[in-house]
1. Any chance you could run the full-extension gain for TRP323 through HIS165? It's 0.36 nm times the residue separation minus the Cα-Cα distance, nm to one decimal.
2. Could you list, bin by bin from short to long, the percent of Cα-Cα pairs of segment 11-239 in 5 Å steps?
3. For ALA179 and SER150, what does the FRET efficiency come to when R0 = 25 Å and r is the distance between their Cβ atoms, rounded to the nearest 0.05?
4. Could you list HIS289, HIS157, HIS201 in order of exposure, starting from the residue whose Cβ has the fewest other Cβ atoms within 10 Å?
5. Want the number for HIS43 to ARG188: 0.36 nm per residue separation, take away the alpha-carbon distance, what's left?
6. Which values, in whole Å and largest first, are the semi-axes of the equivalent ellipsoid of segment 184-226 obtained as the square root of 5 times each eigenvalue of the Cα gyration tensor?
7. Which of LYS88/LYS186; LYS82/LYS186; LYS82/LYS120; LYS90/LYS186; LYS30/LYS90 have a Cα-Cα distance over 30 Å?
8. What ranking do ILE169, ILE268 get, fewest neighbouring Cβ atoms within 10 angstrom at the top?
Amino acid sequence: MERGIKGGRKGFSVHNVWMDVINILNSLAKSRPIFYSEADFQHAFAWAAKSLYMCEPRLEVRMIHTSSRASLDLLLNLPGEKIGFEFKYKTSPISAAIYGEVFSLLNQGALDIFRYDCIKDISRLENAIGSGQISRGYFILLTNEPAVWSRPIREGHADDEFKLHENEILGGVRTWGPAAGPGTRKNREDTLTLTGEYQCHWSPFSLIQGEKFGTFNCLVIEVSTPSFSMHSSNKTSRPITRLSKPRANSGRYSKLTEFLSQTAENRIELTFDQVREIVGSLPASAYNHSAYWSNHPSHPPAVAWLSAGWKQSKLDFLGQRIWLERITDHPTHSTKPPQ
């Protein structure tokens, strides 16, 4: 049976050079159908990318616009563009000799925690894009555990909102189900929010003959925000809505719309606390996730300033400051009565 990642070209064009992520994975599958660990997978992918394309790979790069110690698994530096990658490698027991190397993989278990961490990786890529550290990102999951890509027989599990099976659509707020115990939630209590919407499409990667868990499948999710165009002919991600059509603003954030409508300047700087004073309160995600301050209309602040004819032009997440500027082609709304 023919193996290898199929589908559209999931990549990006830089100075007329198209880096094809699928091509990298297919090349890798021929020489490395199996890996010792997730770190081994990351390193092998970085080496293959450097060998095939003009790029400089950097592993475990610290996120610069976050208060946490999070880092990107891989950063590829290309002329004029920085691409981020997050990898996951989930294994079930297998023992095989490949090209003279003996691989003995263990059952890593804890599928619910693993799925949560996968969604968190996608969210981390969105935050890196929203803060300007990278222009786009890719989440790549490789596994020989069928339960990861197979649709569950029944629902009601603690990790239902983190499932990654074929055709599952990821997006919006993701949280643990009521069946999740304290041990499962430990160090993973946060609700996860995805700005984009992503559909899971799995492809075969490699086949180790004679092994119960010898089938390795791969999931590639391209991550971007609405402000960046998608060049793939077969996109795996898309914005939920368009920036040009923000939903009607209501509630406390209407106070921000009113504030901006009454502002005479064309560009202003606000601290997060000043925004909080205007609207009354801010959720914890405003201080923990830079994507909350993006121009995507799934977030109430963006709805407020887009409705007033403004946009976010600059973000200093560590300094907790945001710059807003008036959209020049958007009609302004005067609060003064006509003369």
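Values quoted throughout were computed directly from the atomic coordinates according to the rules given, and no laboratory measurement underlies them. A quick note: this is a predicted structure, and the numbers were derived from the prediction, not measured. Ideal geometry is used to build each Cβ from the backbone, glycine not excepted, and the neighbour counts take in all protein chains shown.
1. Values: separation 158, 0.36 × 158 = 56.88 nm, distance 3.98 nm.
Once the chain is fully extended between TRP323 and HIS165, it gains 52.9 nm.
2. That works out to 1, 6, 14, 18, 20, 18, 13, 7, 3, 0, 0, in percent per bin.
3. Details: r = 20 Å, r/R0 = 0.79.
That pair, ALA179 with SER150, gives E of 0.80.
4. Details: HIS289 25, HIS157 16, HIS201 19.
So the residues, fewest neighbours to most, are HIS157, HIS201, HIS289.
5. Details: separation 145, 0.36 × 145 = 52.20 nm, distance 2.67 nm.
Gain on extension, HIS43 to ARG188, equals 49.5 nm.
6. On the way: eigenvalues 181, 73, 7 Å².
Whole-Å semi-axes of the equivalent ellipsoid: 30, 19, 6.
7. Values: LYS88/LYS186 20 Å; LYS82/LYS186 33 Å; LYS82/LYS120 20 Å; LYS90/LYS186 20 Å; LYS30/LYS90 20 Å.
Beyond 30 Å: LYS82/LYS186.
8. On the way: ILE169 9, ILE268 16.
The fewest-first ordering by Cβ neighbours comes to ILE169, ILE268.
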